[in-house]
Amino acid sequence: MDHIRRGHCFCGAIEAEMSGEPFWICYDHDDDCRRAIGGPLTIWIGFRPAQVKLTKGEPKTFSRTQGVVRCFCGECGTSIGYRDEGLPNELYLSIGFMDAPETFSPVAHAYWELRLPFIAIEDSLPRIDTYSRPRDPDFGNPKDR
């Protein structure tokens, strides 16, 4: 049986279960995600859409970037995650949505060149200046906006 992980928003209106292990966990320093999350950086946890099941509520969605649809709680505003048409069959959940965030260790830094200058991270993880996953270039690149 697959390991079940859970997540919920701040007010509890949205809940989800994730089965199995994530395929990718990454720090993200991109300014687009920073603005959407409201923090200096985030950690995205990648699951396949079939691994994620909403168990309570229905998130609101918003899109500002071509091919990227973000979802959040319409009651409390918690960022839940996003889908990117340039990354088919990948769904990314925000570490802040997860019930046990300490169990998700990032394996890389994406958009390292866009990090805020006062962010000092002294780990040995790979620093990638663009997307950390192969993305369809037809959807553009946040740093080229």
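Projecting each Cα onto the charge dipole of the range 1-97 (Lys/Arg +1, Asp/Glu -1 at the beta carbon, about the Cα centre), which of Y92, Y27, G39 comes out farthest on the positive side?
G39
Shape of the range 30-82 from its Cα gyration tensor (a ≥ b ≥ c, root eigenvalues): rounded if a/c is under 1.5, otherwise prolate when a/b > b/c, or oblate?
Prolate.
Stretch D2-A100 to full length: gain in nm at 0.36 nm per residue minus the Cα-Cα span? Write down the numbers at each step before the final one.
On the way: separation 98, 0.36 × 98 = 35.28 nm, distance 1.66 nm.
Stretched fully, the D2-A100 segment lengthens by 33.6 nm.
Roughly speaking, what % of Cα-Cα pairs in the range 86-145 are separated by over 13 Å, rounded to a whole number?
Counting pairs separated by more than 13 Å, the tail of P(r) holds 72 percent.
Taking just the alpha-carbon atoms of the range 15-128, what radius of gyration and Dmax come out, in angstrom?
Answer for the range 15-128, Rg first and Dmax second: 13.8, 39 Å.
Before rounding to the nearest 500, sum -39500 (n - 2.57) across all DSSP H runs of length at least 4 in the chain and divide by the residue total; then give [θ] at 222 nm in deg cm²/dmol.
Counting only the DSSP helices, I get -1000 deg cm²/dmol.
Given S132, G74, H109, which one lies farthest toward the positive end of the charge dipole of the chain, if we put +1 on the Cβ of every Lys and Arg and -1 on the Cβ of every Asp and Glu?
G74
Every number in this text was worked out from the coordinates using simple rules, so none of it is lab data. Being a predicted model, the structure only gives us computed values, none of them experimental. Positions of Cβ are backbone-derived with ideal geometry, glycine not excepted, and every protein chain shown enters the neighbour counts.
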